Amino acid sequence: TTEQIYDKIQILYTEMNYLDQNNIVDISINGLKLQEKSEKSFYHKDVAQYIKQELDTQKGGTWNVVVGQSFGSFVTHETKTMSHFMIGNISFLIWKHG
């Protein structure tokens, strides 16, 4: 079932504290669930947009979000605001800059 996918969370790299990391994973799971429920085409970019909007509202500042199955990155971020993790086979790279 799709619920089992959400049990497969792997933190690849984080500088966030435990509470912030858990909050970001929860927001990401909610974004994936919206994707499942959508009757129209809903892509990884839509999940990324949902996560960004939630973080911009909840945490303030400018958040950047990449969601996908294969990507490279080289980013500048504020201290203790970066996380790279996987939910199932989907990778998430989230950081604040600005």
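General remarks:
- Here Lys80 fulfils each of the conditions (1) crowded, with 18+ Cβ neighbours inside 10 Å; (2) at positive phi apart from (1).
- Qualifying residues in the range 83-98 (those that are in a loop (DSSP other than H, G, I, E, B) and either within 15 Å of Ser28 (Cα to Cα) or among the small types (Gly, Ala, Ser) (or both)) - the one most open to solvent (accessible area, probe 1.4 Å): Asn89
- Top-ranked residue of the range 10-30 - restricted to ones that are in contact with a helix residue (DSSP H, G or I) (Cβ under 8 Å, 6 or more places away or on another chain) and among the hydrophobic types (A, V, I, L, M, F, W, C), ranked as nearest to Met82 (Cα to Cα): Met16
- Restricting attention to the range 25-58, the residues being touching an Asp or Glu at 6+ places or on another chain (Cβ under 9 Å) and β-branched (Val, Ile, Thr) number 1.
- Residues (open to solvent by 60 Å² or more (accessible area, probe 1.4 Å) and either in a strand (DSSP E or B) or in contact with a strand residue (DSSP E or B) (Cβ under 7 Å, 6 or more places away or on another chain) (or both)) located in the range 16-53: Lys52
- Residue in the range 54-63 that is part of a loop (DSSP other than H, G, I, E, B), without any contact (Cβ under 8 Å) to a residue 60 or more places away in the chain and β-branched (Val, Ile, Thr) present: yes
- Screening Gly72, Gly68 for residues that are touching a residue at least 24 places away in the same chain (Cβ under 8 Å) and among the small types (Gly, Ala, Ser) leaves exactly one candidate, Gly68.
- Residue that is most open to solvent (accessible area, probe 1.4 Å), among those in the range 54-74 that are over 11 Å from the mean Cα position of the chain (by Cα) and farther than 17 Å from Ile90 by Cα: Phe74
The values are calculated or read from the model by the stated rules, or taken from the named source; none is laboratory data. The shown structure was predicted, so the numbers you read here are calculated from the model rather than taken from an experiment. For neighbour counting, all protein chains shown are included, and Cβ atoms are generated from backbone atoms with ideal geometry for every residue, glycine included. Keep in mind that these areas ignore ligands, DNA and RNA; they rest on the heavy atoms of the full protein, side chains included. Shrake-Rupley method; radii C 1.70, N 1.55, O 1.52, S 1.80 Å.
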